[in-house]
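See below for the structure under consideration.
The values are calculated or read from the model by the stated rules, or taken from the named source; none is laboratory data. Just so it is clear, the structure is predicted and the values come from calculations on it, not from any experiment. Every residue, glycine among them, receives a Cβ derived from its backbone with ideal geometry; neighbour counts consider all protein chains shown.
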2 protein chains.
Amino acid sequence: MQKHLRLEDLQGYDRFTRANLINSLSGFKSASLIGTVNKNGEANLAIFSNIVHIGADPAFVGFLNRPLEAAPHTLSNIQETGSYTINHITAGIFPQAHQSSAKYPADISEFDAVGLTPLYREGILAPFVAESHVQYSLEVKQIITIELNGTFFVIGAIQEIFYPEEIQEEDGFLALEHAGSLCSLGTSAYYKTKRLGKLAYAKR
Amino acid sequence: MQKHLRLEDLQGYDRFTRANLINSLSGFKSASLIGTVNKNGEANLAIFSNIVHIGADPAFVGFLNRPLEAAPHTLSNIQETGSYTINHITAGIFPQAHQSSAKYPADISEFDAVGLTPLYREGILAPFVAESHVQYSLEVKQIITIELNGTFFVIGAIQEIFYPEEIQEEDGFLALEHAGSLCSLGTSAYYKTKRLGKLAYAKR
């Protein structure tokens, strides 16, 4: 049976039901952990899934950061240091990754709180997640404030990339399912994937 | 074996290999078709995967549109009419959905060209994809030009939502795997999903 909701129906939902519906409606997302440090070198780790490819040359990736009162630390650390890492979430760590969304004070490292291992690499300020199999570092290029609702669209330039060599196909494509990378849905559900097909570049 | 790429390694890749690598690196995405019409009512359909949840109240969704020379019609139609629909891609239609990424002239409807059915609903200018099981309509709120590379971040307000009633869980969440919604990776690969877990709201 098809359900049809209008804007006024949505407004009749309680806040949590509405958020669960709308968060899942826009589809499967890239389940990722963003690692940062503040100017004192204190580490922060937070889960993000609203991540988009912006361009390949230069290589730009964007993510959506919630309003400051809901999610302050990742954004302020990026503003302070310019540096962040994005780390894919695997089946082995999704409960810990999810737990990083709890509200910890700025002086608590979510790495310690949830039991994941910060991995520092020479020349890169922000920590990676050692348990993640696909990791990349970025330098922030632009932070766009979305005045409509106080969120932020953060654009970074990819600097260094780490992944298991064997997942890369001849055309450059990374078969992330072989690295165990998950996708997420809404704010609570985690999924593994199974490839149905990989199609050639579409021509008329 | 872990592979480590630096910016200068990326610059040594040919254009296609680099694009395949970077497009897949940012992870699984929401495989969707966006339906629009121009001011003469001519329909357009195009595949998009870089879709983000921006907020639940008001309900805003954003998508990334490539530079105008690569992807002109969806954006110009949205500018002309303000209206668009987002339709999830299922296993039954992913080859047709993929084919919509070919470069058709403005006067050709991709619905006809790829063999999908436009579904017009009262009060909504843009057509839905009849074969899609989860569909929603939007009114554009803001189009942000990303000067860094000439792409556009298009933000819309959700107006009406259609989905199979039986996929909705008690908390409002839509179990999209039961509607057959796929995710995509890079510009070419399509995946079904299998849930590993749905976790409670994380508390300290």
(Q) If B:A202 satisfies all but one of (1) assigned to a loop (DSSP other than H, G, I, E, B); (2) within 18 Å of B:K29 (Cβ to Cβ), what's the number of the condition it fails? (A) (2)
Q: Could you grab me the full set of residues in the range A:31-40 that are without any contact (Cβ under 8 Å) to a residue 12 or more places away in the chain and surrounded by 24 or more Cβ atoms within 10 Å (Cβ to Cβ)?
A: none
Q | Options B:L199, B:L148, B:L176; residue that is under 17 Å from the mean Cα position of the chain (by Cα), at the interface with chain A (Cβ under 7 Å from one of its Cβ atoms), farther than 18 Å from B:H98 by Cα and not basic (K, R) | A | B:L176
Q) From the list B:E169, B:E165, which residue is free of Cβ contacts under 8 Å to residues at least 60 places away in the same chain, surrounded by fewer than 19 Cβ atoms within 10 Å (Cβ to Cβ), at the interface with chain A (Cβ under 7 Å from one of its Cβ atoms) and acidic (D, E)? A) B:E165
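Residue under question is B:T151, and the condition is that it be touching a residue at least 12 places away in the same chain (Cβ under 8 Å) and in contact with a helix residue (DSSP H, G or I) (Cβ under 6 Å, 6 or more places away or on another chain); does it hold?
Values: touching a residue at least 12 places away in the same chain (Cβ under 8 Å): yes; in contact with a helix residue (DSSP H, G or I) (Cβ under 6 Å, 6 or more places away or on another chain): no.
Spelling it out, it is not the case that B:T151 is touching a residue at least 12 places away in the same chain (Cβ under 8 Å) and in contact with a helix residue (DSSP H, G or I) (Cβ under 6 Å, 6 or more places away or on another chain).
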Q) Got at least one residue in the range A:120-128 being in contact with a Pro (Cβ under 9 Å, 6 or more places away or on another chain), without any contact (Cβ under 8 Å) to a residue 60 or more places away in the chain and charged (D, E, K, R)? A) yes
(Q) Exactly one of these conditions fails for B:A106: (1) in contact with a His (Cβ under 9 Å, 6 or more places away or on another chain); (2) closer than 23 Å to B:S188 by Cβ; (3) away from chain A (no Cβ under 12 Å); (4) among the small types (G, A, S). Give me its number. (A) (2)
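Please specify each residue of the range B:42-69 satisfying the condition of being without any contact (Cβ under 8 Å) to a residue 40 or more places away in the chain and more than 25 Å from B:A179 (Cα to Cα).
First, the residues of the range B:42-69 that are without any contact (Cβ under 8 Å) to a residue 40 or more places away in the chain: B:48, B:50-53, B:55-57, B:69.
The one that is without any contact (Cβ under 8 Å) to a residue 40 or more places away in the chain and more than 25 Å from B:A179 (Cα to Cα): B:E69.
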Q: Provide a single number: the residues in the range A:69-95 that are outside any helix (DSSP H, G or I), among the small types (G, A, S) and at pLDDT 95 or above.
A: 4
Q) Which one is farthest from the other protein chains (Cβ to nearest Cβ), of the residues in the range A:180-192 that are crowded, with 22+ Cβ neighbours inside 10 Å and either part of a loop (DSSP other than H, G, I, E, B) or without any contact (Cβ under 8 Å) to a residue 24 or more places away in the chain (or both)? A) A:L182
(Q) Looking at A:N77, A:N23 in this structure, which one is facing chain B (nearest Cβ under 8 Å) and touching a residue at least 24 places away in the same chain (Cβ under 8 Å)? (A) A:N23
Q) Which one of these does B:Y84 not meet: (1) closer than 16 Å to B:A189 by Cβ; (2) surrounded by 22 or more Cβ atoms within 10 Å (Cβ to Cβ); (3) hydroxyl-bearing (S, T, Y)? A) (1)
Q. In the range B:14-30, which residues are surrounded by fewer than 21 Cβ atoms within 10 Å (Cβ to Cβ), within 18 Å of A:E166 (Cα to Cα) and out of contact with any helix residue (DSSP H, G or I) (no Cβ under 7 Å at 6 or more places or on another chain)?
A. B:T17
